[in-house]
Amino acid sequence: MTSSFVIKMALNLQVKVHPVVLFQVVDAYERRNADSHRVIGTLLGSVDKGIVEVTNCFCVPHKEYDDQVEAELSYAMDVYDLNRRVNSNEAIVGWWATGHEVTNHSAVIHEYYSRECNSPVHVTVDTSLQGGRMGLKAYVCVALGVPNGKQGCMFTSIPVDVTCYDPEVFALQLCQKTMSAGSGRPRNVNPMLDLTQVAEAGSKMSSLLDQVLGYVEDVLANRVAPNNAVGRSLLDLVNSVPHMNNEQFSEMFNSNVKDLLMVVTLSQLIKTQLQLNEKLTLLTSI
């Protein structure tokens, strides 16, 4: 495999980061030592068809000086081995660091991770909130130099995005409700019941449909300039809706609601049975 092919493959990578990784990075930054300016750690996940999916991470204690970097590599390997026992699907895919830019010591740290995995990615999380937001960037290290001459490397930016599983989306929605507590929102929020979630989702969908209808009416009345990208997205949305009449939709919806109610009822019965069994066991043991 030639070096040019390896460089091309590295530049075609795309990074997808899960929210739990960002939470762990921020938590490690908040718990850092008073004399530490930034925090680094290992990224765990998987690589498939040019997409690096980062699902977990952990912090690696280190110290940075003007001319060298000291990192507890034995600690990093011990934590990785313990994580492999719990989740064998997660492998080392790169490393992360807090800050908004690549530093002089990044090449040294990246060299270590180059020995642990192929084409490691480097993710920076701007915990200083420059520009009023937590910036997220991803890089790959590309080798530079002339044949039989001095070699170097350069960090090149690659696409990065935040992706979520369904449970993570639900958790983020709960976290969002605790924001701006001074405006009357509670600091502690309990998970909603299933039917409450359905009602809230229906209300939100109704509000979004009103916005879409308002936009379409404004375009038809020449009050807003048409946007081809928005039009294509709306066309794809309409074509994705199953073709059925009101009776068919009502029957399908009622059937799903009945199934949901049945699951809720069975779960409550099982919970009651377990509590009763626990009390009976306690009485017989006295």
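Structure data summary
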| read-out | value |
| --- | --- |
| Shape parameters for the range 21-75, alpha-carbon atoms, Rg then Dmax in Å | 13.3, 41 |
| Cys175 accessible area, assembled protein chains, probe 1.4 Å, Å² | 60 |
| Exposure of Leu82 as accessible area (Å², to 10), given a probe of 1.4 Å and all protein chains | 100 |
| nm² value of the averaged projected area, convex hull over the Cα atoms of the range 184-229 | 5.6 |
| Angstrom value of the Kirkwood radius, inverse mean 1/r, which spans all Cα pairs in the chain | 24.0 |
| Alpha-carbon Debye profile of the range 1-127, log10 I(q)/I(0) at 0.14 Å⁻¹ | -0.61 |
| Extension gain, Arg115 back to Ala229 (0.36 nm per residue minus Cα-Cα distance, nm) | 36.7 nm |
| Over 23 Å (Cα to Cα) - which of Lys258/Lys279; Lys16/Lys204; Lys177/Lys204 fall in this group | Lys258/Lys279; Lys16/Lys204 |
| Solvent exposure, largest accessible area first (probe 1.4 Å, DNA, RNA and ligands not counted), of Arg85, Arg32 | Arg85, Arg32 |
| Accessible surface, 1.4 Å probe, highest first, among residues His110, His105 | His105, His110 |
| Gaussian network model of the chain, springs between alpha carbon atoms under 10 Å - residue of Lys271, Lys63, Lys16 with greatest fluctuation | Lys271 |
| Low-density loop cleavage sites - chymotrypsin sites (Phe, Trp or Tyr not before Pro) in the range 96-175, where at most 16 other Cβ are within 10 Å (DSSP) | Tyr165 |
| Kirkwood-based Rg to Rh ratio, the range 73-122, C-alpha trace | 1.00 |
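The values are calculated or read from the model by the stated rules, or taken from the named source; none is laboratory data. Predicted model only: the values in this text are computed from it and were never measured. Glycine gets a Cβ as well: all are built from the backbone with ideal geometry, and neighbour counts include every protein chain shown. Accessible surface areas use protein heavy atoms only, side chains included; no ligands, DNA or RNA. Shrake-Rupley method; radii C 1.70, N 1.55, O 1.52, S 1.80 Å.
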